[in-house]
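Worksheet for the structure shown next.
The values are calculated or read from the model by the stated rules, or taken from the named source; none is laboratory data. Note that this is a predicted model, so its numbers are computed, not measured. Cβ coordinates were reconstructed from backbone atoms using ideal geometry, including for glycine residues, and neighbour counts include every protein chain displayed. Accessible surface is based on the protein model in full, side chains and every heavy atom, while ligands, DNA and RNA are left aside. Shrake-Rupley method; radii C 1.70, N 1.55, O 1.52, S 1.80 Å.
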Amino acid sequence: MPINFDKLSIQDKKAYLDKMRHSAAHVLAESVKKIYPSAKLTIGPSIEDGFFYDFDVAEPFTPNDLASIEKEMEKSIKKDTYFSEREVTKEFAKSLIKDNPYKLEILAGISSNEKITLCSHSNGDFEDLCRGGHVEKTGDIKAFKLMSTSGAYWRGKESNPMLQRIYGTAWESKKSLKKFLIQREEAAKRDHRTIGRDLQLFYFDAVAPASPFFLPNGTVILNELYSFMRDLYKKYNYDEVVTPEIFNTDLWKKSGHYTNYSDSMYFINIDDFEYGVKPMNCPAAALLYKSQFHSYRELPLRFADFGRLHRYEKSGVTHGLNRVRTFTQDDAHIFCTIDQIDNEIKSFLNMLSESYKVFGFNNMRFTLSLRPEKRVGSDNLWDRAETTLQKILDGSTCDYSLEKGEGAFYGPKIDVFVPDAIGREWQLGTVQLDFSLPERFELEYTEESGSRVKCVVIHRAMLGSMERFLGVLIEHTAGSLPLWLSPLQVVAIPIADRHRQYCKSVVDKLKLSKFRARVDGSNERMNAKIRTAQLQKVPYMIICGDKESQNNSISIRSRDGINQEIINIDDFIDVLNDERSNRSYSHR
RNA sequence: GCCCACAUAGCUCAGUGGUAGAGCGCAUUCUUGGUAAGAAUGAGGUCCCGAGUUCAAUCCUCGGUGUGGGCUCCA
């Protein structure tokens, strides 16, 4: 019975696609085996939008190899043979795969009460140890494409041998495949690295790998983000501090970074001493706290620090603005009593959702990371910290998942993830409870009774790294930033040269109201200037010719290109003022 | 760090064992315009760096660096 895909429920569609994609992985494995008989098969699951299969081969696949493998797969699909499964004994399976250490390892992991099945889709010519879950026949794989190759460690462990992975995508129809490929192309256009170049926001130079240079346009955006943060800090009672960048190694030994984090740090030798460039702000915050005596009456103290951090990230992991070697965070450390934790975290999550709303982020994902094996602090304290965080999350509207063992060594944490243009998730906000820092630095306060007690430290960042946040924001908006963030907010376009002076007077007025505006005085036709402004994603163009200059008005064209109206300049400034001060988010 | 690929003008890219080209951008001139590209002319390159092969290397080989896609990592 052929399946009518369109009539399936959403869940059934997903399940069917899963089966088909996994089936496609089998066909891929068969084809690779045909072309490279010595290839050893490992695993081939279905994944979001497609599938992969990992092979142990003598020579890595190159992109060129994909074409011939694809052809072989097409042949197999054309034959339209049935998928079948047969149950065998462990001993029999073992004898079949005796030369394949990976499959043997998988087999060894199958418990004795589970069935062991071999799957085939070619009347037994090709068999693969597999627990099953396939479509009926190879012809059910209606549309597929091999996408890329890469190395991948066996079982994801760096110490294991590197296998060669082939990624593919598969769909129930050619149309869906095409749609998927077009979507990917569209997403690629939103890549913040491309937009960053086109809009002259930032660039990279090989002399400072993975370290962005921000051009004037990009710097405007960053500064607007900082001032947005500072506004929130006023509202939520934070105090901003400024701390050094380079510290004697003694500090890093005390904080634990020297033993736990030095692989990611930059060190400098001066005057026979060793110094480390800070990868985090927390030790500095601890010193700052300790520089004065504190009473319970002062707590909580919230120190915000936009200090520049440097982390040596391994060569293969950097990525545009999203993973860099130097960055700043909207970082803050809250020093409080144990009883204040609950309120502090709630208030932080409120501030976080308030800020994310401004950027139109609604597809974030929360995780709660619980105690790792290697940790400091008593189980009692961990219990309390974990339940506190979990209770807060349960009482909120956030969907979250528990990540066992993923907490920081000093405490559990809540992280916020947001996807980029092609669906890769990046961690932005984070809030972490820390019991270790107060211990190491003896961070205390005087309580009501007069005795000295250790405080608790909460590390938190809303946007996370400003660089990464900007990267993700650019991809969300495709470069069409809201007015308040746009490097150039208004461009005045004279229809003919004789209107330049009038345009200049309008721009001067806008500048008096502190808008970023300029006249496009280039030697181009009006149409070309509009196009340029459009491509630069300038929110508003104002176009002035005889009509406008005669009755002291302007013609407005917003970058979405639809609303064109002639209005009075002061009215326009009112509209702009409104849009700017509300930091209103318009996704054009 | 690991696997693969890539590196040519400011950007996107073509090309060749005999030291290079297009489009866009930029400059100059002409053009003075009504809501997404007016025209002509011109400037601009140590073909990533270093070594090797060769009469000759931007092109072939090796090494390095950077970037991209993954893997791993991300206290």
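One line per residue, one yes/no per condition, for (1) buried (at least 20 other Cβ atoms within 10 Å of the Cβ); (2) in contact with a Ser or Thr (Cβ under 7 Å, 6 or more places away or on another chain); (3) at pLDDT 95 or above:
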| residue | (1), (2), (3) |
| --- | --- |
| A:Cys503 | yes, no, yes |
| A:Val506 | yes, no, yes |
| A:Lys509 | no, no, yes |
| A:Leu512 | no, no, yes |
| A:Ala517 | yes, no, yes |
| A:Asn523 | no, no, no |
| A:Asn527 | no, no, no |
| A:Gly545 | no, no, no |
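Give the residue, chosen from A:Ser315, A:Ser353, that is away from RNA strand B (no atom under 16 Å from the Cβ), assigned by TED's automatic domain parsing to the domain that holds A:Tyr445 and of a type in the set (Gly, Ala, Ser). If you could, list the steps in order and put the result at the bottom.
On the way: A:Ser315 fails: away from RNA strand B (no atom under 16 Å from the Cβ).
Result of the check over A:Ser315, A:Ser353: A:Ser353.
Can you name the condition, by its number, that A:Arg580 falls short on among (1) touching a Pro at 6+ places or on another chain (Cβ under 8 Å); (2) more than 8 Å from RNA strand B (Cβ to nearest atom); (3) among the basic types (Lys, Arg)?
Only one criterion in (1) touching a Pro at 6+ places or on another chain (Cβ under 8 Å); (2) more than 8 Å from RNA strand B (Cβ to nearest atom); (3) among the basic types (Lys, Arg) is unmet by A:Arg580, namely (1).
Condition first: more than 16 Å from A:Asp339 (Cα to Cα) and aromatic (Phe, Trp, Tyr). Now tell me which residues in segment A:427-454 satisfy that.
A:Phe441
Given (1) open to solvent by 60 Å² or more (accessible area, probe 1.4 Å); (2) more than 9 Å from RNA strand B (Cβ to nearest atom), where does A:Ile566 come up short, assuming only one miss?
Checking A:Ile566 against (1) open to solvent by 60 Å² or more (accessible area, probe 1.4 Å); (2) more than 9 Å from RNA strand B (Cβ to nearest atom), the one that fails is (2).
Test of understanding: among A:Arg384, A:Arg452, A:Arg440, which residue is within 16 Å of RNA strand B (Cβ to nearest atom) and either at pLDDT 95 or above or over 22 Å from A:Tyr585 (Cβ atoms) (or both)? Reasoning before the result, please.
On the way: A:Arg384 fails: within 16 Å of RNA strand B (Cβ to nearest atom); A:Arg452 fails: within 16 Å of RNA strand B (Cβ to nearest atom).
After ruling out the rest, the residue left standing is A:Arg440.
If you take the residues in segment A:301-336 that are open to solvent by less than 20 Å² (accessible area, probe 1.4 Å) and of a type in the set (S, T, N, Q), which one is farthest from A:Cys282 (Cα to Cα)?
A:Asn322
Select from segment A:399-411 the residues that are in a loop (DSSP other than H, G, I, E, B) and away from RNA strand B (no atom under 11 Å from the Cβ) and list them in ascending order.
Of segment A:399-411, the ones in a loop (DSSP other than H, G, I, E, B) are A:399, A:404-407, A:409-410.
The answer is A:Asp399, A:Lys404.
All but one of (1) part of a strand (DSSP E or B); (2) open to solvent by 10 Å² or more (accessible area, probe 1.4 Å) hold for A:Arg468; which doesn't?
(1)
Specify which of the listed residues (A:Glu105, A:Glu74, A:Glu87) is at pLDDT below 90 and open to solvent by 70 Å² or more (accessible area, probe 1.4 Å). Write out each step before concluding.
Numbers: A:Glu105 fails: at pLDDT below 90; A:Glu74 fails: at pLDDT below 90.
Only one candidate qualifies: A:Glu87.
So if I check each of A:Ile392, A:Ile414, which one is more than 13 Å from RNA strand B (Cβ to nearest atom), touching a Leu at 6+ places or on another chain (Cβ under 8 Å) and among the β-branched types (Val, Ile, Thr)?
Numbers: A:Ile414 fails: more than 13 Å from RNA strand B (Cβ to nearest atom).
Of the residues listed, the single one that is more than 13 Å from RNA strand B (Cβ to nearest atom), touching a Leu at 6+ places or on another chain (Cβ under 8 Å) and among the β-branched types (Val, Ile, Thr) is A:Ile392.
Condition first: more than 23 Å from A:Ile43 (Cβ to Cβ) and touching a residue at least 24 places away in the same chain (Cβ under 8 Å). Can you find one or more residues in segment A:152-167 that meet it? Let's see the steps before the verdict.
First, the residues of segment A:152-167 that are more than 23 Å from A:Ile43 (Cβ to Cβ): none.
Looking for residues that are more than 23 Å from A:Ile43 (Cβ to Cβ) and touching a residue at least 24 places away in the same chain (Cβ under 8 Å), one finds none in segment A:152-167, hence no.
What's the number of the only condition in (1) more than 13 Å from RNA strand B (Cβ to nearest atom); (2) open to solvent by 10 Å² or more (accessible area, probe 1.4 Å) that A:Trp484 fails to meet?
With (1) more than 13 Å from RNA strand B (Cβ to nearest atom); (2) open to solvent by 10 Å² or more (accessible area, probe 1.4 Å) applied to A:Trp484, the lone miss is (2).
In the set A:Asp12, A:Asp18, which member is within 17 Å of A:Ala170 (Cβ to Cβ), open to solvent by 60 Å² or more (accessible area, probe 1.4 Å) and either free of Cβ contacts under 8 Å to residues at least 40 places away in the same chain or under 37 Å from the mean Cα position of the chain (by Cα) (or both)?
Working: A:Asp18 fails: open to solvent by 60 Å² or more (accessible area, probe 1.4 Å).
The conditions single out A:Asp12.
Any residue in segment A:55-64 that is surrounded by 11 or more Cβ atoms within 10 Å (Cβ to Cβ), closer than 26 Å to A:Thr149 by Cβ, in contact (Cβ under 8 Å) with a residue 12 or more places away in the chain and charged (D, E, K, R)?
As a first pass, look at segment A:55-64 and keep what is surrounded by 11 or more Cβ atoms within 10 Å (Cβ to Cβ): A:55-57, A:60-61.
Within this subset, residues satisfying the condition of being closer than 26 Å to A:Thr149 by Cβ are A:55-57, A:60-61.
From what's left, in contact (Cβ under 8 Å) with a residue 12 or more places away in the chain: A:55-57, A:60-61.
Then keep just the ones that are charged (D, E, K, R); that gives A:56.
Yes, segment A:55-64 contains at least one residue that is surrounded by 11 or more Cβ atoms within 10 Å (Cβ to Cβ), closer than 26 Å to A:Thr149 by Cβ, in contact (Cβ under 8 Å) with a residue 12 or more places away in the chain and charged (D, E, K, R).
Residues that are in contact (Cβ under 8 Å) with a residue 60 or more places away in the chain: list the helices (runs of 4 or more DSSP H) wholly contained in segment A:217-299 that include at least 2 such residues. Before you say what the answer is, go through the steps one by one.
Working: elements: A:249-255, A:257-260, A:282-290.
Result: A:249-255, A:282-290.
Identify, by number, the condition in (1) closer than 23 Å to A:Asp99 by Cα; (2) of a type in the set (Asp, Glu); (3) within 14 Å of RNA strand B (Cβ to nearest atom) that A:Asp65 doesn't meet.
Exception for A:Asp65: condition (1).
Residue by residue through segment A:529-543, note down the ones that are within 8 Å of RNA strand B (Cβ to nearest atom) and either closer than 15 Å to A:Lys504 by Cα or open to solvent by less than 20 Å² (accessible area, probe 1.4 Å) (or both). Before you say what the answer is, go through the steps one by one.
Residues of segment A:529-543 within 8 Å of RNA strand B (Cβ to nearest atom): A:530-532, A:534-535, A:541, A:543.
Across segment A:529-543, the qualifying residues are A:Met541, A:Ile543.
Of all the residues that make up segment A:417-433, how many are within 8 Å of RNA strand B (Cβ to nearest atom), surrounded by fewer than 17 Cβ atoms within 10 Å (Cβ to Cβ) and assigned to a strand (DSSP E or B)?
Residues that pass the stated criteria total 1.
All but one of (1) assigned to a helix (DSSP H, G or I); (2) among the charged types (D, E, K, R); (3) under 23 Å from A:Arg583 (Cβ atoms) hold for A:Asp508; state the number of the condition that does not hold.
(3)
Find the residue count for segment A:137-179, including only residues that are within 16 Å of RNA strand B (Cβ to nearest atom), assigned to a strand (DSSP E or B) and open to solvent by less than 50 Å² (accessible area, probe 1.4 Å). Walk me through it before giving the result.
Going through segment A:137-179, the residues within 16 Å of RNA strand B (Cβ to nearest atom) turn out to be A:145-169.
So of that shortlist, the ones also assigned to a strand (DSSP E or B) come out as A:145-153, A:162-169.
Filter again for open to solvent by less than 50 Å² (accessible area, probe 1.4 Å), leaving A:146, A:148-152, A:163-166, A:168-169.
Going through segment A:137-179 one residue at a time, the tally reaches 12.
List pairs: first residue in segment A:517-534 and closer than 21 Å to A:Asp546 by Cα, second residue near RNA strand B (Cβ under 8 Å from one of its atoms) and open to solvent by 80 Å² or more (accessible area, probe 1.4 Å) anywhere in the structure, Cβ distance under 6 angstrom, at least six positions apart or on different chains.
A:Met526/A:Ile495
Restricting to segment A:189-203, count the residues that are surrounded by fewer than 15 Cβ atoms within 10 Å (Cβ to Cβ) and more than 7 Å from RNA strand B (Cβ to nearest atom). So that I can check it myself, show each step before the final result.
Initial filter on segment A:189-203 (surrounded by fewer than 15 Cβ atoms within 10 Å (Cβ to Cβ)): A:189, A:197-198, A:200, A:203.
Narrowing further to those that are more than 7 Å from RNA strand B (Cβ to nearest atom): A:189, A:198, A:200, A:203.
Residues flagged as surrounded by fewer than 15 Cβ atoms within 10 Å (Cβ to Cβ) and more than 7 Å from RNA strand B (Cβ to nearest atom) within segment A:189-203 amount to 4.
When you scan segment A:523-571, how many residues do you find that are assigned to a helix (DSSP H, G or I) and not hydrophobic (A, V, I, L, M, F, W, C)?
Step one: of segment A:523-571, the residues assigned to a helix (DSSP H, G or I) are A:526-535, A:546-551, A:569-571.
Imposing the further condition that a residue be not hydrophobic (A, V, I, L, M, F, W, C) reduces the set to A:527, A:529, A:531-532, A:534, A:546-551, A:570-571.
The qualifying residues number 13.
For segment A:259-284: of the residues being within 10 Å of RNA strand B (Cβ to nearest atom) and more than 19 Å from A:Ala304 (Cα to Cα), which is most open to solvent (accessible area, probe 1.4 Å)?
For segment A:259-284, the residue satisfying everything is A:Asp263.
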